[in-house]
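In what follows, a structure is listed as structure tokens, so that the remarks can point back to it.
The values are calculated or read from the model by the stated rules, or taken from the named source; none is laboratory data. Just so you know, these numbers come straight off a predicted model, no measurement behind them. Ideal geometry is used to build each Cβ from the backbone, glycine not excepted, and the neighbour counts take in all protein chains shown. In case anyone asks, the SASA skips ligands and DNA or RNA and just uses the protein heavy atoms, side chains included. Shrake-Rupley method; radii C 1.70, N 1.55, O 1.52, S 1.80 Å.
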Amino acid sequence: MTAKTLYDKLWESHVVHEESDGTALIYIDRHLVHEVTSPQAFEGLKLAGRRPWRVGSILAVPDHNVPTTDRSQGIADPISRLQVETLDNNCAEFGVTEFKMNDLRQGIVHVIGPEQGATLPGMTVVCGDSHTSTHGAFAALAHGIGTSEVEHVLATQCLVAKKSKAMQVKVEGALQKGVTAKDIALAVIGKIGTAGGTGYAIEFAGSAIRALSMEGRMTLCNMAIEAGARAGMVAVDDTTIDYLKGRPYSPRAEQWENAVAYWRTLKSDDGASFDAVVELDAADIQPQVTWGTSPEMVVGVNGRVPDLAQARNEVQRGDWERAYAYMGLQANTAIEDIAIDKVFIGSCTNSRIEDLRAAASIAKGKRVAANVKLAMVVPGSGLVKAQAEKEGLDKIFKDAGFEWREPGCSMCLAMNADRLEPGERCAATSNRNFEGRQGQGGRTHLVSPEMAAAAAIAGHFVDVRNYQ
Amino acid sequence: MDSFTTLDGLVAPLDRANVDTDAIIPKQFLKSIKRSGFGPNAFDEWRYLDHGEPGMDNSKRPLNPDFVLNQPRYQGASVLLARENFGCGSSREHAPWALLDYGFHAIIAPSFADIFFNNCFKNGILPIRLEASIVDKLFDEVAANEGYRLAVDLEKQTVTTPSGESFAFDVDAHRKYCLLNGFDDIGLTLQQVDKIKAFEGRHRIKQPWLFN
């Protein structure tokens, strides 16, 4: 038998039908739904007189539009409110399980799926959201889909897809203290570019990956899409299984034993071949800071904004010139000399309990710098928030001058009231530094939670490895 | 979905790499629960000088004269010429909805982001991958010739310039079939109901915990 990759195994175990050109019908086990990309899909379903194929496979939650401040009065913006109400109505009409805005379990869709055990190894997981790659951390085949595909999965429980190529990103060795999964993700993107993974499913492997917690693996897989890969994944090991045991949607009793036995097979076989292999030495990875308007515009914290002479071609020179102008930065500026106006700790990339603990460990006993107008912490879910409060993390943040908010996507993409004003510069733990992403004219620098907290205290970027 | 067979259209160039879906349609317009009406807000932050919000009368907003699509010579364009990794970022299908509503039916670039590429086919837009060197040449020709048009033939899988030079492109057989006929996938997939049910039955036996 030929050695198979994890991706081969996940793909082959879900093929319903395959055509001669390789176009396949893939069965979908878990369909996560949020309010932004589903209304038109439900509308299409209704117009065609169809119903969801398997309603039990769907879990819905509003996350993009929800306010992160007091929710007792509902959502002030009538357009946001209508979108969330539309989700509520669609879920009620079709009997879809939904964690509504004021449910303790509400949160960012990519945080609550794993937290509930609704994401399991061996599953195919889709959601109308590109960061669905997050769930690959559990050795699931998980990727984002468009709204037409959301409707397709609702109606047929299947997706029309073609198998991607397989890439292995291998990170061996030990990370330096203060260097995180976020830094691995940004370092990979810096190395292969935002299109480097296009057409591939990425498996992250190597001793540095195995040493990561599930939270870290989720951060890494979350950003596979920023490297262009729709799906990222990590093989099952004890860390995966320990995380899942006892979660509300996890199997129990005899089913649990059977499931674990199967899950243990979800890894690439020895000698499996990949279409591409990228290797990084964990010890070489520095805390990363993006300087521009694409996640690939990234350098180590001790580095500088690159000079045009370093650009690889005319197109990149043009992109960099536009990025300098948009970001209000000059070539060769030292990253540590860049002062910030706001700090955002949150998003589906970095809002889990481990992220908040790491940021709190930096903020403890310190004060947010005077030049920082707003430093906010937005937990990924109501349960993350409750756990953090149980551990007193909220108090550490508030004592240091951070705002402690309600869970949601918040200022990662500023669909709710949380946003940057034109020209404001933000240290953000989110995943995209595109123009206007956090508010029109806003300037985003992507960093880890530790680096964001350290920047909040210092008022500019600092090397968290030297942080006292 | 409208079918796509041939197109002879005015070409507009967007000369920057990694154009993301946040740029194609900014997030504030994603609050709509409709599929239509996104065209006036395509490239909103580049296209207008003010800040756009849903519900504004876009015809009264100040246009950015420096943005290429605002130039008179590109009005009415239906072919968008772009650079590498076009459509990266979010999975929002609002991006192809906005481009289609704006009037683009074909997009030519050296490479596209996967999810965007896929979303185009679901909406009757043909994304065409051509070699970077050919795209470079087309950018030069567009710049040099006002009123520059390209002829796209999906059946023959060719893009032809006004001088008669023709470039072949690849497209998956399934996607080509759907696009030529204007078929949407759901109807086709539902012809396989028996296979789906049979698969589901086997899957349930192997991994019953997926069906709890």
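Provide the buried accessible surface between chains B and A in square angstrom, both chains summed, 1.4 Å probe, rounded to the nearest 100.
5700 Å²
Using θ = phi - 60° and the Karplus curve 6.51 cos²θ - 1.76 cosθ + 1.60, what whole-Hz ³J(HN,Hα) does each residue of the stretch A:459-467 get, with Gly and Pro shown as x?
Values, residue by residue: x, 8, 5, 9, 7, 5, 5, 9, 6 Hz.
Taking only the Cα atoms of the stretch A:249-375, how large is their convex hull per residue, in Å³?
Each residue corresponds to 221 Å³ of Cα convex hull volume.
Averaging sequence separations of C-alpha pairs under 8 Å and six or more residues apart, then dividing by the length of the stretch B:31-181, give the relative contact order as a whole percent.
Here the relative contact order equals 18 percent.
Can you give the log10 of the normalised intensity I(q)/I(0) at q = 0.08, 0.19, 0.21 Å⁻¹, computed with Debye over equal Cα scatterers of the stretch B:1-158?
Result of the Debye calculation: -0.21, -1.26, -1.54.
For the stretch A:66-165, just the Cα atoms, rotate onto the principal axes and tell me the three extents in Å, largest first.
48, 26, 23
Ranked from the most accessible area to the least, with a 1.4 Å probe and all protein chains present, what is the order of B:Asp57, A:Asp77?
Ranked list, largest accessible area first: B:Asp57, A:Asp77.
What is the sum of charges around A:Gly328, taking Lys and Arg as +1, Asp and Glu as -1, for the other residues whose C-beta is under 15 Å from the C-beta of A:Gly328?
Around A:Gly328, the surrounding residues sum to -2.
Averaged over peptide B:112-123, how many Cβ atoms belonging to another chain are found within 10 Å of each residue's Cβ?
6
At a threshold of 8 angstrom on Cα-Cα distance, excluding pairs fewer than six apart, so keeping six or more, what relative contact order does chain A reach in percent? All intermediate terms of the calculation are to be shown ahead of the outcome.
Numbers: 1129 pairs, mean separation 80.2, N = 468.
For chain A, the relative contact order is 17 percent.
What length, rounded to one decimal in nm, is gained on full extension from A:Lys390 through to A:Gln73, with 0.36 nm per residue of separation minus their alpha-carbon distance?
Working it through step by step, the gained length comes to 111.5 nm.
Would you jot down the residues in the stretch B:62-91 that end up with at least 10 Å² less accessible area in the complete protein assembly than in the chain alone, with a 1.4 Å probe?
Residues shielded by partner chains are B:Arg83, B:Glu84, B:Asn85, B:Cys88, B:Gly89, B:Ser90, B:Ser91.
Which whole-Hz couplings ³J(HN,Hα) result when phi for each residue of the stretch A:140-146 is put into the Karplus expression 6.51 cos²θ - 1.76 cosθ + 1.60, θ = phi - 60°, listed in order with x for Gly and Pro?
9, 8, 10, 7, x, 9, x
On a C-alpha basis, how far is the centre of the stretch A:50-121 from the centre of the stretch B:57-128 in Å? Whole number, if you could?
30 Å
Here is the link list: A:Lys46/B:Lys34; A:Lys373/B:Lys31; B:Lys34/B:Lys176. Which ones come out longer than 18 Å on Cα distance?
In this structure, A:Lys373/B:Lys31; B:Lys34/B:Lys176 exceed 18 Å between Cα atoms.
For a protection proxy built on the mean count of beta-carbon atoms within 10 angstrom, sort A:203-213, A:120-130 highest first, please.
Values: A:203-213: 20.3, A:120-130: 27.1.
Answer by packing, highest mean first, reads A:120-130, A:203-213.
Net charge near A:Gln157, counting Lys/Arg +1 and Asp/Glu -1 over other residues with Cβ under 15 Å of its Cβ?
+2
How would the protein assembly as shown be classified by its alpha-carbon gyration tensor: rounded, prolate or oblate, with rounded meaning a/c under 1.5 and the a/b versus b/c comparison settling the rest?
rounded
So what is the relative contact order of the stretch B:1-70, in percent, for Cα pairs below 8 Å that sit 6 or more residues apart?
It comes to 30 percent, rounded to a whole number.
Please compute, for peptide A:139-151, the average count of beta-carbon atoms on other protein chains lying within 10 Å of each residue's beta-carbon. Before the final figure, lay out each step's value.
On the way: counts 0, 0, 0, 0, 3, 6, 6, 15, 10, 13, 8, 2, 4.
Partner-chain Cβ atoms within 10 Å, mean over residues of A:139-151: 5.
Past the 18 Å Cα-Cα mark, which pairs from A:Lys366/A:Lys395; A:Lys177/A:Lys385; A:Lys165/B:Lys156?
Long pairs (Cα-Cα over 18 Å): A:Lys177/A:Lys385; A:Lys165/B:Lys156.
Accessible area per residue of the stretch A:381-435 at 1.4 Å probe, in Å²?
Ligands and nucleic acids excluded, the result is 31 Å² per residue.
Note every residue of the stretch A:181-221 with a reduction of at least 40 square angstrom in accessible area, all protein chains present versus the isolated chain, computed with a 1.4 Å probe, or write none.
A:Thr198
Span-like helices, chain A: DSSP H, alpha-carbon axial extent 27 Å or more, mean Kyte-Doolittle 1.6 or greater, which ones?
none
Round to the nearest 10 and give me the degree value, 0 to 90, for the angle of helix B:193-206's Cα axis relative to the longest principal axis of chain B.
Helix B:193-206 sits at roughly 60 degrees to that axis.
What are the principal axis extents of the Cα atoms in the stretch A:318-362, in Å, biggest first?
Extents along the principal axes: 39, 22, 16 Å.
Taking only protein heavy atoms and a 1.4 Å probe, what accessible area per residue, in Å², does the stretch A:236-352 have with all protein chains in place?
45 Å²
Taking a ≥ b ≥ c as the square roots of the Cα gyration tensor eigenvalues, with a/c under 1.5 meaning rounded and otherwise prolate when a/b beats b/c, else oblate, which class fits the stretch A:78-127? Can you show the working numbers first?
Numbers: a/c = 2.22, a/b = 1.77, b/c = 1.26.
Prolate shape, in that a/c is at least 1.5 and a/b is the bigger ratio.
Between 0 and 90 degrees, rounded to the nearest ten: what's the tilt of helix B:132-144 against the longest Cα principal axis of chain B?
Between helix and principal axis, roughly 40 degrees.
What part of the accessible area of the stretch B:1-66, given as a whole %, is carbon or sulfur when the probe is 1.4 angstrom? Can you show the working numbers first?
Values: 1380 of 2750 Å².
Answer for the stretch B:1-66: carbon and sulfur cover 50 percent of the accessible area.
Setting aside same-chain residues fewer than 8 positions from B:Lys206, which aspartates and glutamates have a Cα under 17 Å from its Cα?
Counting by Cα, and skipping residues close in sequence, B:Lys206 has these aspartates and glutamates nearby: A:Glu12, A:Asp29, A:Glu254, A:Glu257.
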